[in-house]
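Accompanying notes for the structure given below.
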Amino acid sequence: MNKGDVESELTYFHPNAVITWHNAEVSRGRDGIRSYLNRMLQGPNKVVESYKADVNVDELTILYGGNTGISFGSAVEHFKLANGKNFDLPARWSATLVKEGDKWLIANLHASDNLFDNPLLDLTKRDGPLGDRHRTRRRSPDRMVPRQEAQEGLTSLAMIAPAGDLLETRPLPTAGELREFAAREGIDAATTWLYRSLLESPFHGPFIRRIEETCKRPTSTVWNSDAILVIVPGAFYRENPGSGADGQVLREQAESLGCPTDLVPLASTGSLKENARILCDWLTKQPARPMILTSLSKGGADVKMALAEPDAEHAFRNVVVWISLCGVLDGTPMAEWLLSPWNPGAVLSLLYYWLRGQSTSFLPDLRYGPGQPLDFKLRLPAHMRLISVVGFPLREHLDRGISRRCHRRLTPLGPNDGALVLADVCALPGLVYPLWGADHYLQPKSGVHELVAAILQDLGESPQ
């Protein structure tokens, strides 16, 4: 282990071994252990530069019969992180061993440390959650009004806290904390903090890692489910199908898996109320079979409004999963900017749509903030799961001028994708898949359709 020889280390583990690591992640089997160690110790995104441990055994192995034993003890683990930090971590461990032939193998290994007194707490209190290397110049205070729901806090668990706080299992950072941290350390540091919090979350983290592993596997051509993929398109999907708002590429990807698809015929530039009614009526008429609803951008707002309709419970009875791709579920601050008559850029943008014969009459529905049409809590039926896929860009990732300008305008509200405040997305019920380096249109990231295919494949393999 101290030599860093992963392959030799694996020979001491049973082929079906299970390890619970310090970060609460679980690896199963030699392939799973190898994948975890390679991800943590190798490649451009590695977390740990080097690792060694001084291991002590408390007493002789406790034997149960002639082929099972339990061993336990302590260790002092020496970490050098990829960001240059060094620390020694006192830890406890326990292991279950089984005898196969004449060789004892580790079948289960569990590592833990003191949650309330450890060197990571000291590093966080001294340097903040991301360390010195993420510090940038101070930013001006916020001038935009955040939504109250996201301001009050998020729901999923993470293991990172702001500088000076007691580090313990706690909610993800609130929108207020993220804005304050962005003003102090920079918007990129705040975005990185929220992204890492999702990865470390015991709720979101396992799902994210499972999808990443699925992306690496060959695509299955056997659809092991009765479910159908139903696309809820975005704005202008009829007038501008090349934008991807019609979900055609997603449908082709799903059909390559053997998953049947369909498209809800929404009004391309319809109001939220109009499209909510169309969606409910369309769902009500469908035969009884499981549905995976996938919405794109404004289509997410249409779904949210439909879920507030009086007959929503009946209409959505067959929808088991809703995948929201960059869904504008709480509106967007960019709508207010576009509707302002005092912004020359906004006037030119609306003129562009007018000259193309594309109505923007739905924009007032997407206004952001207290009292606006989408300022209400999402009412998700008990039988229906939500998966939100959203971009997590740093400024350096944004290679298009419009993306950079939109991201900059929303910076006072904290981490954003150029249209959505990411704290709002993380406050929604359900799972979040953060797509690192992508903007609101999931650009310039490649492999988005493969990502959706991996999510579909994961859903098709799930027992429910």
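The values are calculated or read from the model by the stated rules, or taken from the named source; none is laboratory data. It should be emphasised that the depicted structure is a prediction, and the values quoted were computed from it without experimental measurement. Please note: Cβ atoms are built from the backbone with ideal geometry, for glycine as well, and neighbour counts cover all protein chains shown. Calculation scope for accessible area: heavy atoms of the full protein, side chains included, ligands and nucleic acids excluded. Shrake-Rupley method; radii C 1.70, N 1.55, O 1.52, S 1.80 Å.
Looking only at residues that are surrounded by 15 or more Cβ atoms within 10 Å (Cβ to Cβ) and more than 26 Å from the chain's Cα centre (by Cα) in the stretch 277-294, which one is farthest from L442 (Cα to Cα)? Checked the stretch 277-294; the qualifying residue farthest from L442 (Cα to Cα) is Q286. Restricted to the stretch 392-464, the set of helices (runs of 4 or more DSSP H) holding at least 3 residues that are of a type in the set (D, E), open to solvent by 10 Å² or more (accessible area, probe 1.4 Å) and touching a helix residue (DSSP H, G or I) at 6+ places or on another chain (Cβ under 9 Å) comprises 448-461. The single condition among (1) open to solvent by less than 70 Å² (accessible area, probe 1.4 Å); (2) within 21 Å of the chain's Cα centre (by Cα) that F13 does not meet is (2).
Examine the stretch 184-191 for a residue that is surrounded by fewer than 17 Cβ atoms within 10 Å (Cβ to Cβ), in a loop (DSSP other than H, G, I, E, B) and either at negative phi or in contact with a Ser or Thr (Cβ under 6 Å, 6 or more places away or on another chain) (or both), and state whether such a residue exists. No. In the stretch 295-302 there is no residue that is buried (at least 17 other Cβ atoms within 10 Å of the Cβ) and farther than 22 Å from D330 by Cα. As a summary of the residue check, R196 satisfies the conditions (1) part of a helix (DSSP H, G or I); (2) free of Cβ contacts under 8 Å to residues at least 60 places away in the same chain; (3) among the charged types (D, E, K, R) except for the one numbered (2). Residues in the stretch 39-50 that are open to solvent by less than 50 Å² (accessible area, probe 1.4 Å), over 14 Å from L199 (Cβ atoms) and not small (G, A, S): 1 in all.
Scanning the stretch 10-57 for residues that are assigned to a helix (DSSP H, G or I) and touching a Leu at 6+ places or on another chain (Cβ under 8 Å) gives R30, I33, R34. All of (1) basic (K, R); (2) open to solvent by 60 Å² or more (accessible area, probe 1.4 Å); (3) at pLDDT 90 or above hold for R209 with one exception: (2). Looking only at residues that are within 24 Å of D88 (Cβ to Cβ) and modelled with pLDDT of 85 or more in the stretch 19-35, which one is surrounded by the fewest Cβ atoms within 10 Å (Cβ to Cβ)? So, considering only residues that are within 24 Å of D88 (Cβ to Cβ) and modelled with pLDDT of 85 or more, the one surrounded by the fewest Cβ atoms within 10 Å (Cβ to Cβ) is T20. Restricting attention to the stretch 178-202, the residues being farther than 21 Å from D417 by Cβ and under 17 Å from the mean Cα position of the chain (by Cα) number 1.
Put simply, of G247, G234, G299 the only residue that is on the phi > 0 side of the Ramachandran plot and of a type outside the set (A, V, I, L, M, F, W, C) is G247. Taken over the stretch 258-276, the criterion of being surrounded by fewer than 19 Cβ atoms within 10 Å (Cβ to Cβ) and not polar (S, T, N, Q) is satisfied by G258, P260, D262, L263, P265, A267, K273, E274.
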